[in-house]
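Visitor: Shown below is the structure under consideration.
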Ligand code: RIB
């Protein structure tokens, strides 16, 4: 029986061009075609958690347009409940423009559209309804800071485990990372660049240990092709090595990590076991095109451990 996860974050459509290499400033690169995929860090993580066996509710926003309706249909088809997704008049659904190079590396620019309209009160109301039946809340930050803050504060105030994926690092986000008496801070899952943006310069391990001490909560740093680093506030550090994989498209690998991590925590796994499963799932996810193309099922994750 899977656990119950609430994901708060963005919903996009991804317009993807596969090109030999990524463009430099002012440069044009040409690929054979544009492909459309479901995207958005929140929606992607919700799909990853659902495929990993969790019962998932998504909170976010789309525009009242064909793109938004198609995005919601696709999410329902994945078993994600979308009653927390507002359908907003007069704004388009979020769009991500993505170039993927021959090595699977990507470059992404997002037009936020409806994601910029995710409101504090919407998030609070949806979470207050859902939290009595929720085992883990996952928040990512392609939505306004006020919505992120209320999501983290509402979850942590009632002691529901909260994972905060600071992707991207919003101005002002660091203010949320100060523990308050009696409350657990959010468990952070930055990549190396996001960790640097939160902590300033220095070796990755040292900065992660410092951040975990500051937030009094674990920090899990995703290291791309080098696996992941799990750091507990007491100073325990464990490196999870990468699983060998064929890299086709790294888009959505972090979202897969976060969705599977939240699903595992919700199902009762400990920190290290949840991160191990997420690390394996992220490696499996990069073997196919599209943010969600390679996201594995619970069975495939288990068979690949
Ligand atoms: O993390 C990958 C995602 O980032 C893409 O799906 C794109 O929509 C952007 O939000």
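Visitor: Could you let me know the centre-to-centre spacing of segment 142-191 and segment 223-252, using Cα atoms, in angstrom?
Guide: 21
Visitor: Considering only 136, 162, 248, give the residue with the highest GNM mean-square fluctuation for the chain, with springs between Cα atoms whenever their separation is below 10 Å.
Guide: Per the Cα network of the chain with a 10 Å cutoff, 248 tops the list.
Visitor: Name the residue, out of 245, 256, 28, whose mean-square fluctuation peaks in a Gaussian network model built on the chain with Cα pairs under 10 Å.
Guide: Evaluated over the chain, the most mobile residue of the options is 28.
Visitor: Taking the Cα centroid of segment 30-50 and of segment 68-100, what is the distance between the two, rounded to the nearest whole Å?
Guide: For segment 30-50 versus segment 68-100, the Cα centre distance is 11 Å.
Visitor: Run through the DSSP bridge list for segment 138-259 and note the antiparallel percent, rounded to the nearest 5.
Guide: Close to 55 percent.
Visitor: How do the peptides 285-295, 166-176, 31-41 rank, highest first, by the average count of neighbouring beta carbon atoms within 10 Å per residue?
Guide: 285-295, 31-41, 166-176
Visitor: Starting at 0 and stepping by 10 Å, how many percent of the alpha carbon pairs of the chain end up in each bin?
Guide: With a bin width of 10 Å, the distribution comes to 7, 30, 38, 21, 4, 0.
Visitor: On to the next question. Would you calculate, for the chain, the mean residue ellipticity at 222 nm contributed by helices, counting each DSSP H stretch of 4 or more residues as -39,500 (n - 2.57) and dividing by all residues, to the nearest 500?
Guide: -10500 deg cm²/dmol
Only the coordinates and a few stated rules stand behind these numbers; no lab work does. On a predicted model such as this, the values are computed, not experimentally measured, just so you know. Note: ideal-geometry Cβ built from the backbone for every residue, glycine included; neighbour counts use all protein chains shown.
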